[in-house]
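Student: Take a look at the following structure, please.
The values are calculated or read from the model by the stated rules, or taken from the named source; none is laboratory data. Keep in mind it's a predicted model, so treat the numbers as computed, not measured. Note that we place each Cβ from the backbone using ideal geometry, even for glycine, and neighbour counts take in every protein chain shown.
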Amino acid sequence: MKNKVLSAIAMAVSVFFFLGCEEENSIDQPGNLVPKTVDQDSSIPSISINGTQLHAETFGNPNNPMVVFLHGGPGSDYRSSLNAKDLADDGYYVIFYDQRGSGLSKRHDQNSYSIQLVLDDLTGVIAHYRTSNTQKVFLFGHSWGAMLATAYVNTYPALINGVILAEPGGLNKKLLDEYGESSRKLNLFSEATSDLFYMDQFLTGKENEHEILDYKMGISTSFSYAKGNDEGIEGPSPFWRMGTAVLNGFIDIAENDGFDFTTNLTQYDTKVLFLFGEMNKSYGYHFARKEAMYFRNAQIEEVKGTGHEMIYFKWENVHPIVLNYLNELK
Amino acid sequence: MKPILILITFLISLFTFNILHSQTINWKSLQNEQKHILNANTGWEYGFVYGIGYAYRLETKIPMVLEGSVSFASGEVILDDFKTKIGGQINLYQIENFNFNAAVHGIYRRYGNPLVTLQNFGADATAIIGYYKPKWFAAGEFGFDKAIVTHFKHADIYTDVYPDVKNGWFEPATGGNFNFGIQGGYSFNRSDITLRAGKVMTEDFKTSPLVPFYLQLGYNYKLD
């Protein structure tokens, strides 16, 4: 009987492999599972600053006031926020870039990241596109991008003429933990939880195997918009490619060193615009107010009919609020 | 890699390299006339899972069982995430109540989410060293689980994100995890109640799965 069982196993496996191997791909070949990055594909628009190469695009007249968009993550990209390019038709020079190690920008080792490094990248992006010293510069950040915008004005309050913060996930470690606990509750028995964890036995990826790790993170995104999610995310939104090393790098920094982007915000006198989505049960006016309290002058606005991904799903409601704010400061 | 090489890799892995998540057996409580072991288990292993298994004891000089099992991840869609295993366990060496056991399995498993469906052939292997008495046992285990070859089929949500993504078989191996932990159990009449727990690490020993632990509660019923 033992021989029969072993023979049956060998036969089943042989048939499966011979029938199934009409197409063979390499797991770590660039372009097979995730798009190539700017250093692998020269046709992608990019800029070289601060020792890296960033995927970047601009819209509008370069002499108009600049609006630099900062995407979420860390590790996400600006594809789902391209609605904001409408601001170019409103008289602004709109700049999008995928942050270091994110989207289609060049990848770096996980242990190479620091807060100051990405602030320096932003300084480099502004300097690259700014056409005169009198040109006004506004930052428009979403989620992690809003945290990064806050970190920037906390460090360089005199350089920025206005800031739009769409649901920053925590301006210091304490607030980040509070928001994380509220927004990422796990039901151990749910499909979304299985979808998130079960793949760990199929795909692992070593620390800087970017193709595998970025792909794995990309296909995990369904967890964020699972039915009944607390952040009120309506469904999938487009992205180019996730950046796992940068995410893990900043998780390490947050856990090991902590962070606080609020230490110098009282030096920033300009009014700051806070946006929160009506459907995000984890954020809401209460959390927005808690974050806005760190600024001397803040305006809090609710975006109706949407949640955390407000720029993609309800841009028509975000746009007039943002435009009024920018026009006030223009 | 050509199919024959994949097959050879799989078989070599199965018969020379592997050992892990097998039925948890108290060899000392297994009577000579007991040939069949039915198993049910639940716990956390890359998700909350429920499983059943069957083992057949061979009439060999060295105690040995052939076994098969299936487990499903919990969730609203039951059949999209599951794992089947077939293989065997052997009680290789005994010194009084100390036993050294080994297990090897071939694995077929499936994962589905809104973006992709993965099918994988892999293998696992476990070495178990423990102290066994007729009524109870306690052991340590060390194992390795290799995802040898995986088939990817992407759904529209992901092809909208990246139209040039490749479907089909991918190689070389797409994953591999080590595990180490403890197992123990209490035996009575024809039954065993067993518990396994431990830690999981990826093969580079630098990274871990999102939940780097496993926990399994099992029940065996032995028949003649």
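Student: Can you find even one residue in the stretch A:70-82 that is more than 17 Å from A:Leu165 (Cβ to Cβ), surrounded by fewer than 24 Cβ atoms within 10 Å (Cβ to Cβ), in contact with a Gly (Cβ under 8 Å, 6 or more places away or on another chain) and hydrophobic (A, V, I, L, M, F, W, C)?
Tutor: no
Student: Go through A:Thr262, A:Thr204, A:Thr221 for me and flag whichever is at pLDDT 95 or above and either polar (S, T, N, Q) or farther than 30 Å from A:Phe295 by Cα (or both). If you could, list the steps in order and put the result at the bottom.
Tutor: Working: A:Thr204 fails: at pLDDT 95 or above; A:Thr221 fails: at pLDDT 95 or above.
None of the other options fit; the residue is A:Thr262.
Student: Out of curiosity, is B:Thr159 surrounded by fewer than 23 Cβ atoms within 10 Å (Cβ to Cβ), hydroxyl-bearing (Ser, Thr, Tyr), more than 8 Å from every other protein chain (Cβ to nearest Cβ) and in a strand (DSSP E or B)? Steps first, answer last, please.
Tutor: On the way: surrounded by fewer than 23 Cβ atoms within 10 Å (Cβ to Cβ): yes; hydroxyl-bearing (Ser, Thr, Tyr): yes; more than 8 Å from every other protein chain (Cβ to nearest Cβ): yes; in a strand (DSSP E or B): no.
Against the criterion (surrounded by fewer than 23 Cβ atoms within 10 Å (Cβ to Cβ), hydroxyl-bearing (Ser, Thr, Tyr), more than 8 Å from every other protein chain (Cβ to nearest Cβ) and in a strand (DSSP E or B)), B:Thr159 does not qualify.
Student: Within the stretch B:196-204, can one find any residue that is at the interface with another protein chain (Cβ under 8 Å from one of its Cβ atoms) and in a loop (DSSP other than H, G, I, E, B)?
Tutor: Within the stretch B:196-204, one or more residues are at the interface with another protein chain (Cβ under 8 Å from one of its Cβ atoms) and in a loop (DSSP other than H, G, I, E, B).
Student: So which residues in the stretch B:92-109 are in a strand (DSSP E or B), touching a Lys or Arg at 6+ places or on another chain (Cβ under 8 Å) and surrounded by fewer than 19 Cβ atoms within 10 Å (Cβ to Cβ)?
Tutor: B:Tyr108, the sole residue that qualifies.
Student: Test each condition in (1) within 14 Å of chain B (Cβ to nearest Cβ); (2) within 18 Å of A:Ser182 (Cα to Cα) for A:Leu247 and report the one that comes out false.
Tutor: Going through (1) within 14 Å of chain B (Cβ to nearest Cβ); (2) within 18 Å of A:Ser182 (Cα to Cα) one by one, A:Leu247 breaks only (2).
Student: Right, here's the next one. Only one of A:Asp214, A:Asp195, A:Asp200, A:Asp257 is within 14 Å of chain B (Cβ to nearest Cβ), under 30 Å from A:Val38 (Cβ atoms), free of Cβ contacts under 8 Å to residues at least 60 places away in the same chain and out of contact with any strand residue (DSSP E or B) (no Cβ under 6 Å at 6 or more places or on another chain). Can you tell me which?
Tutor: Exactly one residue qualifies, and that residue is A:Asp200.
Student: In addition: Go through the stretch B:110-156 and give me each residue that's under 25 Å from A:Pro236 (Cβ atoms), in a strand (DSSP E or B) and either touching a Pro at 6+ places or on another chain (Cβ under 6 Å) or among the hydrophobic types (A, V, I, L, M, F, W, C) (or both).
Tutor: Selection gives B:Val116, B:Leu118, B:Phe152.
Student: What is the one condition in (1) over 22 Å from the mean Cα position of the chain (by Cα); (2) in a helix (DSSP H, G or I) that A:Ile253 does not satisfy?
Tutor: (1)
Student: Those residues that are loosely packed, with under 15 Cβ neighbours inside 10 Å and either touching a residue at least 12 places away in the same chain (Cβ under 8 Å) or at the interface with chain A (Cβ under 10 Å from one of its Cβ atoms) (or both), I need them from the stretch B:181-190; list them, please.
Tutor: Correct list: B:Ile182, B:Tyr186, B:Phe188.
Student: How many of the residues making up the stretch B:60-79 are assigned to a strand (DSSP E or B) and of a type in the set (Asp, Glu)?
Tutor: Adding up the residues that qualify gives 1.
Student: Going through the stretch B:169-180 one residue at a time, which ones are surrounded by 15 or more Cβ atoms within 10 Å (Cβ to Cβ) and at the interface with another protein chain (Cβ under 7 Å from one of its Cβ atoms)?
Tutor: B:Trp169, B:Phe170, B:Glu171, B:Thr174, B:Gly175, B:Gly176, B:Asn177
Yes/no matrix, rows are residues, columns are (1) out of contact with any Ser or Thr (no Cβ under 6 Å at 6 or more places or on another chain); (2) at pLDDT 95 or above; (3) more than 20 Å from B:Gly218 (Cα to Cα):
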site	(1), (2), (3)
B:Lys85	no, yes, no
B:Leu92	yes, no, yes
B:His105	yes, yes, no
B:Val116	yes, yes, yes
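Student: Also, I was wondering about something else. Determine if the stretch B:147-162 includes at least one residue that is under 30 Å from B:Ser29 (Cβ atoms) and touching a helix residue (DSSP H, G or I) at 6+ places or on another chain (Cβ under 8 Å).
Tutor: Within the stretch B:147-162, not a single residue is under 30 Å from B:Ser29 (Cβ atoms) and touching a helix residue (DSSP H, G or I) at 6+ places or on another chain (Cβ under 8 Å).
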